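Student: Have a look at this one.
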Amino acid sequence: MQSFSSTLFADADSEYTAARYVIFGVPFDGTTSFKAGCRDGPSAIRAASYNLESYLPHYDMEMYEAPIHDMGDMYVDCLPDAMAEQVEDTVSLLKEDGKVPVMLGGEHSVTIGAVRALKPAWYVVCDAHLDSQDEYRGSRFNHDCVTARNAECVSNIILIGARSGTREEFSYAREHHHLYTADDVRERGISAVLDEVQKLTGDAPLYLSIDADAIDCCLTPGLGTPEPFGLTPLDIRDVVRRLSPQAVGFDYVEVLPNDQGQTAMVAAHLVREFIAGHFSAGK
Ligand code: MN
Ligand code: MN
């Protein structure tokens, strides 16, 4: 039998019932404020995954050893609050079935439903933006309100890589969350920051969300709201490697594939790093 290509994530060969990790896309970009198009993120990340060798030397494992199922992309409603409910319903079912959700955005508002379903002890997010507006452009589910919505159901929030937000958002984050700006990471190094994060979280369950614009837009420019002076792909890989073992869910959002493919390529790598890190820790 010949091999045939697939539109699903590479090496996601398990049936749903046998899978521990369930990938799904949420191609929603209805509230984007600058450049639209991150609804094409999931398919770009999946396409990029076919560039990658199945073998991961860091974990000495083949990707296909991890039981992964890709459900494809959700048919999303056009209103952001309805979309958040769709995600919450889906992730609640995955949780009931004992699966680890791995969600591909779409804009960052897709995270709200997943966090509501999982109610982790900690919400850890890498993002250039604080996303802490209570309401933006007429919606409390705008992609600029994600941290504010998540703070309604998670009491402990860690923000890594921030460098854009209002004065009020920064002072609120400093007072109520654990904020590590992109400058903090540059000054202290990601390793020292992660030591502190691990001290804070212990081994409590956390949800890890990566907004692609945490990474400097000069390195990965396929973004809806690009920001320079950011983290590097290696910084984010360190975050994913360190925190994946205690994560109950993961997403990679805000990839807008209008570049030469580097943003989706980094995303595809980090999705695999998450699964491999989580799977290796549980072996
Ligand atoms: Mn964001
Ligand atoms: Mn952002």
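Read-outs throughout are calculated quantities, based only on the coordinates presented, and are distinct from any laboratory measurement. Model, not experiment: these values are computed from the prediction. Here Cβ is always computed from backbone atoms with ideal geometry, including for glycine, and neighbour counts include all displayed protein chains.
Student: Measure out, as a whole number of angstrom, how far apart the alpha-carbon centroids of region 107-121 and region 1-21 sit.
Tutor: 25 Å
Student: What distance in nm separates the simple spin-label points at ASP81 and CYS153, each placed 7 Å from Cα in the Cβ direction?
Tutor: Modelled inter-label distance: 1.5 nm.
Student: Give the average over all directions of the projected area of the C-alpha convex hull of region 132-180, one decimal, in nm².
Tutor: 3.3 nm²
Student: OK, next. Under the Karplus relation 6.51 cos²θ - 1.76 cosθ + 1.60, θ = phi - 60°, what is the ordered set of whole-Hz ³J(HN,Hα) values for region 135-151, x standing for Gly and Pro?
Tutor: 8, 9, 6, x, 9, 7, 10, 4, 5, 8, 10, 4, 5, 4, 5, 5, 5
Student: Let me ask you something else. Tell me which lysines have Cα within less than 19 Å of LYS283's Cα, excluding those fewer than 8 residues away on the same chain?
Tutor: LYS99
Student: Another question, if that's okay. Using 0.36 nm per residue of separation minus the Cα-Cα distance, give me the extension gain between SER33 and GLN260 in nm, one decimal.
Tutor: Result for the pair: 79.5 nm of gain on full extension.
Student: Where does helix 233-243 land angle-wise versus the long Cα axis of the chain, in degrees 0 to 90, nearest 10?
Tutor: 80 degrees
Student: Quick one: what are the phi-derived ³J(HN,Hα) couplings along region 183-193, Karplus 6.51/-1.76/1.60 with θ = phi - 60°, whole Hz, x for glycine and proline?
Tutor: Values, residue by residue: 5, 4, 5, 5, 6, 8, x, 5, 5, 5, 4 Hz.
Student: Please give the peptides 98-111, 220-233, 52-65 ranked by average Cβ packing (other Cβ atoms within 10 Å per residue), highest first, as a rough proxy for protection.
Tutor: On the way: 98-111: 26.5, 220-233: 21.1, 52-65: 14.1.
Per-residue mean Cβ counts within 10 Å order the peptides as 98-111, 220-233, 52-65.
Student: Still on this structure: Do you know the relative contact order of region 37-191, to the nearest whole percent, from alpha carbon pairs under 8 angstrom that are 6+ apart?
Tutor: 18 percent
Student: Let me ask another. So what is the relative contact order for the chain, in percent, with contacts set as C-alpha pairs under 8 Å and at least six apart?
Tutor: In percent, rounded to a whole number, it is 22.
Student: Turning to a different aspect of this structure: So, with +1 on the Cβ of K and R and -1 on the Cβ of D and E, and no other charges, what is the size of the charge dipole of region 16-282 about its Cα centre, to the nearest 20 debye?
Tutor: In debye, rounded to 20, region 16-282 gives about 280.
Student: If I take all pairs of Cα atoms in the chain, what percentage of them are more than 27 Å from each other?
Tutor: Value for the chain: 31 percent of Cα pairs lie more than 27 Å apart.
Student: Hey, which lysines would be in cross-link range of LYS199, C-alpha to C-alpha under 21 Å, not counting anything within fewer than 8 residues on its own chain?
Tutor: Candidates past the 8-residue exclusion: LYS119.
Student: So if the hydrodynamic radius of region 1-121 is defined as the Kirkwood radius over C-alpha pairs, what does Stokes-Einstein give as its diffusion coefficient at 20 °C and 1.002 mPa s, in µm² per second?
Tutor: Estimated diffusion coefficient is 140 µm²/s.
Student: By how many nm would the segment from ASP97 to TYR55 lengthen if fully extended, with 0.36 nm per residue of separation less the alpha-carbon distance?
Tutor: In short, 12.3 nm is gained.
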